[in-house]
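Okay, so here's the structure we're looking at.
The values are calculated or read from the model by the stated rules, or taken from the named source; none is laboratory data. Keep in mind that what you see is a predicted model, and the values were worked out from it rather than measured. Ideal geometry is used to build each Cβ from the backbone, glycine not excepted, and the neighbour counts take in all protein chains shown. These area figures cover heavy atoms from the full protein model, side chains too; ligands, DNA and RNA do not enter into them. Shrake-Rupley method; radii C 1.70, N 1.55, O 1.52, S 1.80 Å.
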4 protein chains.
Amino acid sequence: MGKTRERLYEIIFEADTPAGKFFDVALLVVILLSVALVMLESVPAIRTNYRPILRILEWVITGIFTVEYLLRIIIVRKPLRYIFSFYGIIDFLSVIPTYLGLFIIGSHHLVVIRILRMLRIFRILKLTRYTQAGRTLAKALWASREKISVFIFFVIVLVVVIGTIMYIIEGEAHGFTSIPRGIYWAIVTLTTVGYGDISPQTSLGQFMASIVMIMGYAIIAVPTGIVTAEIINPSYKGNTQVCPSCLHDKHDDDAKFCKKCGAKINP
Amino acid sequence: MGKTRERLYEIIFEADTPAGKFFDVALLVVILLSVALVMLESVPAIRTNYRPILRILEWVITGIFTVEYLLRIIIVRKPLRYIFSFYGIIDFLSVIPTYLGLFIIGSHHLVVIRILRMLRIFRILKLTRYTQAGRTLAKALWASREKISVFIFFVIVLVVVIGTIMYIIEGEAHGFTSIPRGIYWAIVTLTTVGYGDISPQTSLGQFMASIVMIMGYAIIAVPTGIVTAEIINPSYKGNTQVCPSCLHDKHDDDAKFCKKCGAKINP
Amino acid sequence: MGKTRERLYEIIFEADTPAGKFFDVALLVVILLSVALVMLESVPAIRTNYRPILRILEWVITGIFTVEYLLRIIIVRKPLRYIFSFYGIIDFLSVIPTYLGLFIIGSHHLVVIRILRMLRIFRILKLTRYTQAGRTLAKALWASREKISVFIFFVIVLVVVIGTIMYIIEGEAHGFTSIPRGIYWAIVTLTTVGYGDISPQTSLGQFMASIVMIMGYAIIAVPTGIVTAEIINPSYKGNTQVCPSCLHDKHDDDAKFCKKCGAKINP
Amino acid sequence: MGKTRERLYEIIFEADTPAGKFFDVALLVVILLSVALVMLESVPAIRTNYRPILRILEWVITGIFTVEYLLRIIIVRKPLRYIFSFYGIIDFLSVIPTYLGLFIIGSHHLVVIRILRMLRIFRILKLTRYTQAGRTLAKALWASREKISVFIFFVIVLVVVIGTIMYIIEGEAHGFTSIPRGIYWAIVTLTTVGYGDISPQTSLGQFMASIVMIMGYAIIAVPTGIVTAEIINPSYKGNTQVCPSCLHDKHDDDAKFCKKCGAKINP
């Protein structure tokens, strides 16, 4: 019994054996299929014409996910820890909406929950070599979090002020019906999205808008600069050199002597 | 009395004591609430239905800000200097519009002034660790000010010329009713905002627009390059320290010893 | 006979002789002309008024390309290898649609194939000094392929989740008629394209949209950072050369001596 | 006489004396005024109501520019060289349209020429410290010209192919009336401008568009990377170190030994 469990553990949780790899690929296919299904179901024409087949497929997929979920609980060494882990919750949320749909009528909003099945892909990818690239990016973003927070905070203050000014200038007649609407316009403009659903009509408004656009064009350089700098010169400093004399540990890659105490650093 | 004043000073102007921290957080909440209030007031539906409650809240917040403002004047060592400082003026502008609203009818435009309350958040943030990140960014932007000015000046000349050409090509029938309108379109296009409220209709106009767009796509690289370069290799790091022993001259600001030869650097 | 063939080979496949250079320039002109022809043919007004002349020009160009194609097959040393090479297939696809047009009525879609003639330009450019620049860029992009894949995968997951949420929030009445439509909107917004054909109408939808836009504004920094880092510090420059004397290991590809200690590096 | 000429030369062509500086500032004001005038003239409401005053101002400015132009010709040492220099031609084009307007009726298009007066600002700026910043940027762009050309060529091929495919997919009914129109749409989309004047209506078209947008989002990284890399590591290599042994001259800033021949480099 322990042997079977051990083996199932290898297949379901790891990707080192051929069976484990096959399981991952199969699961990936089912996940993608299930996400495609949720999408197709939302298209009116398809929903009307293929309702029975969509229902059957949904139940088949839910069945597979349910079996997988139960297997994971049975096999894992610490079931409770799994159940309340990030992926445990995602796995639970992947199956529960379909069952709830039996009891609740008009469970339209459960669709969002089912789309979360997509996040399960990350668990499978975790086992691949793409993780390294992902981790590098995540590290760079994480290391820039303070700078990016400051930047986003600054952008928010900017759009609030701009949005208010435009609300005064353009007024309700030109679509700027309230300050939040003005702020929405300011964000649309500053980020260079530019839907055009609201756009300034007066000369003064267009002049202000021009300034905002050029501003947006210039300040997009800031997040880019932050992240690029972080990827090029990671502030966590890749090298592990520590000064043998004063224990300072943030040395440039080409440093030969500690810049703090002047002691020679071991290469 | 001096003791109380000292203590109040610590609470209101600093953030080192628990009471000071609590004061800052409380103030932050009131500021955000007050900004939210100004926004909500501008939404027609809300303004009509909740007028009494909005009025009361506005007066409560104005009251709090007034007390805080007076306290600051009383407590600070040099009241005049505070009153005419940046934050002193912001603090004054935070309370005055509500009082003015009593006398002036249709004080619609005072709303812009009240939104400036938002800037008070910066004072509170000044006391946090996010300041360092903000200062780094500000330094990088400040160091790039000449390059960015040249770039923006170049962009302005470009859009004036492009806007004039498009005014000739497209003419008033297609929405390019004047050169300023053409320039507005050129900015909307070059910055890749693209509202679509004015867009070229003739083949020649669309051809010109295509060139402008590809240009805009390419020259956005310039501000990004400037800021990124500045963040990676701060030009102020070109501090004037030169190693007296090996003449190496690119030392970090916090370097005490030459990283190339280990000699002590004059501070 | 062998002499003539040798000479033709030099003219057609190489660009070292004056005749070879002339051949390349002439071919470039014909290719550009042929692409322009395909474009003009698609314009209704031109198609109607100039049909005869367009037909003649098309056959002339097809004739030239056919002769060139046959010459290449005859002259090249390994004809089969050429025929099934990338450019061999492109060359074949450059001539076949016109012949097929004789038999198939309404061969409207063959137009896409004819536009592929454009790719033939790359062969000619291959012989110029622009190749070096192109290769550097291609290398940088290729070296970043994993990071960019991870980024794009992340963007896809993001837009699927956002698109689904917006489908729920805005609903079919506001243009978000299905989840795929919501995803389309999310892509249009996140990439800051912003057509405005679908745009959020509800306050909650506009709030969500604002978050998505600021997000898009911030995460565009990621691909930029990746590629910039790669161009500046090519990771393949992490060539495995290590100085045998001082163990310095970041040498340029063309370095023969260690730039730190002057010792000879093993090639 | 020679003394007066010398003095006038200093005033008009240089900016070292107070008089020279005053002349430059005065000229700058007149230029900006003249450009503003051209713009205002194009606004229908202003043109109708203020025609007489606009005419007078135009003639005053033209008069000033004419006097200045003649003075430059008289004072400069090599008049012919000046007349046919870049700024000589700009100066000529600044005055001639107004005179031509006397003879030619409906000289509407001369407006473009008059806007070129704006370029005269560059001559004045040339004498300021902003030139250094401008030159650095220009150098970086010039050094990246090959890479940017390759990139733009690649973008052009891409939009031609995408435009053709979309013309086939969407067809004339959805606004893609010809291949050039499809290419126009592809440029609008790839550069993330997104007017929305033409946007895909079919599901397949929107799917294709989504791919194009994500592509555009990713490849904008390329020009940014090129320019940033160039600004950070100028390929013309700022330092003037030349190897005393082999005369190799592209050393890193931190190089101590020539990487080509191993000789010690003078710091």
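Some points to look at:
- Subset of region D:128-140 [open to solvent by 50 Å² or more (accessible area, probe 1.4 Å) and part of a helix (DSSP H, G or I)]: D:Tyr130, D:Gln132, D:Arg135, D:Ala138, D:Lys139
- C:Glu14 passes every criterion in (1) at pLDDT below 90; (2) over 26 Å from the mean Cα position of the chain (by Cα) apart from (2).
- Some residue of region D:154-168 being more than 8 Å from chain B (Cβ to nearest Cβ), aromatic (Phe, Trp, Tyr) and touching a helix residue (DSSP H, G or I) at 6+ places or on another chain (Cβ under 7 Å): yes
- Out of D:Leu37, D:Leu57, D:Leu27, one residue alone is more than 27 Å from the chain's Cα centre (by Cα) and surrounded by 14 or more Cβ atoms within 10 Å (Cβ to Cβ). It is D:Leu57.
- Residue within region B:72-87 that is of a type outside the set (Asp, Glu), modelled with pLDDT of 90 or more and within 16 Å of B:Arg114 (Cβ to Cβ) present: no
- Of the candidates A:Ile183, A:Ile152, A:Ile124, the single residue that is β-branched (Val, Ile, Thr) and touching an Asp or Glu at 6+ places or on another chain (Cβ under 6 Å) is A:Ile124.
- Residue within region C:214-226 that is in a loop (DSSP other than H, G, I, E, B) and facing another protein chain (nearest Cβ under 8 Å) present: yes
- Going through (1) crowded, with 24+ Cβ neighbours inside 10 Å; (2) more than 9 Å from chain A (Cβ to nearest Cβ) one by one, C:Ala143 falls short only on (1).
- Here the helices (runs of 4 or more DSSP H) wholly within region B:1-87 that include at least 3 residues being in contact (Cβ under 8 Å) with a residue 24 or more places away in the chain, assigned by TED's automatic domain parsing to the domain that holds B:Tyr99 and hydrophobic (A, V, I, L, M, F, W, C) are B:2-13, B:18-42, B:51-75.
- Summed over region A:155-200, residues that are part of a helix (DSSP H, G or I), among the β-branched types (Val, Ile, Thr) and under 27 Å from the mean Cα position of the chain (by Cα) total 9.
- Some residue of region A:179-198 being more than 7 Å from chain B (Cβ to nearest Cβ), open to solvent by 10 Å² or more (accessible area, probe 1.4 Å) and modelled with pLDDT under 85: no
- Counting only residues that are among the small types (Gly, Ala, Ser) and crowded, with 22+ Cβ neighbours inside 10 Å, region C:146-175 holds 1 of them.
- Number of the condition not met by D:Leu125 [criteria: (1) open to solvent by less than 10 Å² (accessible area, probe 1.4 Å); (2) more than 8 Å from chain C (Cβ to nearest Cβ); (3) not polar (S, T, N, Q)]: (1)
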